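Reading through the structure tokens given below for one structure.
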Amino acid sequence: MFLSVFDIFKVGIGPSSSHTMGPMVAAARFLDHLRGLPFAVDGLRASLHGSLAFTGVGHATDRAVILGLAGFTPDAYDAPRAEAALEDIRASARVTPPDLPPLRFDPARDLAFDYGPPLPGHANGLILMATDAQGDVIARETYYSIGGGFVLTGEELQQGHAATPAGTFPFPFQSAAQMLDMARASGRSIAAMKRANELTVHSPQALDAGVARLWAVMNACIERGLATEGVLPGGLRVQRRAPAIHAALLAERGANWAPPHVINDWISTYAMAVNEENAAGGQVVTAPTNGAAGVVPAVLRYWLNHVPGAGERGVADFLLTAAAIGGLVKHNASISGAECGCQAEVGSAAAMAAAGLCAVMGGSPEQVENAAEIALEHHLGMTCDPVKGLVQVPCIERNGLGAIKAVSAASLALRGDGRHFMPLDNCIEAMRQTGADMSEKYKETALGGLAVNVPNC
């Protein structure tokens, strides 16, 4: 299969790609379905299932569905307009999506949280329904938010629907082993092969502009996170820490007493800035998910700001390499916390970031693959246990530590010649198996781990 860099990295909103962006995308797809119906629709209903129900409020899934049914999309999200729309919908019990008549929809009555067993296709399921004037259901579709903002209908999931078949591209690698074989045969870097694949479906201008926008949004998110103080929403009263840490680091810069390990604080702060913005519902880029959105930008910002010789010319190679690794993980295992725990989110992100950093620091394809494997290997078994269902504790700090691991993994790989014991493909398969064996309590349901071991306040 082929997953574009714009599939792995999507501009969207926080706090969750699978629980916020995905349901909003599903609602947009349902509206498209309704626009093609030959009969009139009068009202809408929705039900959330599995992980979408258990952590839906903390992840703003209810807001996402309401706004999605009103015509909002993640990539063009306007926060002030969304707040006004939510107020109007709750007051009028109607949504007014573009190119459809006003439709009855009372969130208090027509949006249900089903805490029973999840739907059969995936842990993140939702059902959207349209009704006639009598309230009878006349159209219905099941959607699954499978991680990273990807959404499939029940039928698409059953059919094994995927992205564009890989055989139509010049470098159709579906495993890391194939990727390395093609790199050796062609003499190209991983980024160059990924770029050649992208140019099959995008013009050079569109590809360059799109990748530049991804980094611009990532970097702007870091800047907002470093500048915005206050308490994060949701009830945990988590204080934003990135601005204060950043200010302290700036004040210490140049001091001859600062220990070398302070560089870890810079890396962590860049990542935490992104994830504090994500927790506040700000604009982020899935990398490959919202819950892990801070790792790749933090490592890229570290390289640009702190590594001699770094420059903007390498940003595209970094992101293309990272996207190639993210595509392999998604194709062969998962990037969804609801499927495989946080190893699939922060673990995948660390692998992607390590690969990107190794590439722009001159690593060979073999060293890049080694960097990705080291980073992923040392996240295996990591659970997804968000306290109160919010993408805050432990998620924000976890991105900081994931970014540090990514830099360490790239450095270790660059110290070798690319030869190593555990292939990336085997590590990805181990992650898939571990996720399949993991208790549902530890897969984004907030029913185990840190989520049920919180202080009495």
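The values are calculated or read from the model by the stated rules, or taken from the named source; none is laboratory data. Here the structure is a predicted model, which is why all the values come from computation and not from measurement. For neighbour counting, all protein chains shown are included, and Cβ atoms are generated from backbone atoms with ideal geometry for every residue, glycine included.
Please state which one of 104, 195 is modelled with pLDDT of 95 or more, among the charged types (D, E, K, R) and surrounded by fewer than 20 Cβ atoms within 10 Å (Cβ to Cβ). Result: 104 is the single residue among 104, 195 that is modelled with pLDDT of 95 or more, among the charged types (D, E, K, R) and surrounded by fewer than 20 Cβ atoms within 10 Å (Cβ to Cβ). When segment 125-150 is filtered for residues that are buried (at least 24 other Cβ atoms within 10 Å of the Cβ), modelled with pLDDT of 95 or more and within 19 Å of residue 63 (Cβ to Cβ), the ones remaining, listed by number, are 125, 126, 128, 143, 145.
The set of residues in segment 409-426 that are touching a residue at least 12 places away in the same chain (Cβ under 8 Å) and either within 26 Å of residue 437 (Cα to Cα) or not charged (D, E, K, R) (or both) comprises 409, 410, 412, 413, 414, 416, 418, 420, 422, 423, 424, 425. Answer yes if at least one residue in segment 17-24 is under 14 Å from residue 62 (Cα atoms), surrounded by fewer than 24 Cβ atoms within 10 Å (Cβ to Cβ) and not assigned by TED's automatic domain parsing to the domain that holds residue 326, and no otherwise. No, there is no match, as no residue in segment 17-24 is under 14 Å from residue 62 (Cα atoms), surrounded by fewer than 24 Cβ atoms within 10 Å (Cβ to Cβ) and not assigned by TED's automatic domain parsing to the domain that holds residue 326.
If the condition is being surrounded by 17 or more Cβ atoms within 10 Å (Cβ to Cβ) and within 25 Å of residue 290 (Cα to Cα), then segment 170-192 contributes 176, 190, 191. Where strands (runs of 3 or more DSSP E) fall wholly inside segment 63-167, the ranges with 2 or more residues that are hydroxyl-bearing (Ser, Thr, Tyr) and touching a strand residue (DSSP E or B) at 6+ places or on another chain (Cβ under 9 Å) are 137-147. None of 290, 264 is at pLDDT 95 or above and surrounded by fewer than 23 Cβ atoms within 10 Å (Cβ to Cβ) except 264. Within segment 190-223, the set of residues being of a type outside the set (D, E, K, R), farther than 23 Å from residue 276 by Cα and touching a Gly at 6+ places or on another chain (Cβ under 9 Å) comprises 191, 202.
Taking the criterion of being within 10 Å of the chain's Cα centre (by Cα) and of a type in the set (Ser, Thr, Tyr), the residues of segment 10-29 that qualify are 16, 17, 18.
Tell me whether segment 125-138 contains one or more residues that are under 21 Å from residue 9 (Cβ atoms), touching a residue at least 40 places away in the same chain (Cβ under 8 Å) and in the same structural domain as residue 110 (by TED's automatic domain parsing). Within segment 125-138, not a single residue is under 21 Å from residue 9 (Cβ atoms), touching a residue at least 40 places away in the same chain (Cβ under 8 Å) and in the same structural domain as residue 110 (by TED's automatic domain parsing). Inspection of segment 20-29 identifies at least one residue that is within 28 Å of residue 122 (Cα to Cα) and either assigned to a strand (DSSP E or B) or hydroxyl-bearing (Ser, Thr, Tyr) (or both). Taken as a whole, the structure places residue 76 among residues that are within 29 Å of residue 331 (Cβ to Cβ), within 18 Å of the chain's Cα centre (by Cα), at pLDDT below 95 and surrounded by fewer than 20 Cβ atoms within 10 Å (Cβ to Cβ). Filtering 120, 107, 80, 102 for residues that are without any contact (Cβ under 8 Å) to a residue 12 or more places away in the chain and in contact with a Lys or Arg (Cβ under 7 Å, 6 or more places away or on another chain) leaves a single hit, 102. Among the residues of segment 400-446, those identified as under 13 Å from residue 341 (Cβ atoms) and either in a loop (DSSP other than H, G, I, E, B) or not assigned by TED's automatic domain parsing to the domain that holds residue 347 (or both) are 438, 439, 444, 445, 446.
Condition first: among the acidic types (Asp, Glu) and in contact with a His (Cβ under 9 Å, 6 or more places away or on another chain). Can you find one or more residues in segment 186-202 that meet it? Checked segment 186-202: no residue is among the acidic types (Asp, Glu) and in contact with a His (Cβ under 9 Å, 6 or more places away or on another chain). Looking at this structure, is residue 49 crowded, with 24+ Cβ neighbours inside 10 Å and part of a loop (DSSP other than H, G, I, E, B)? Criteria not met by residue 49.
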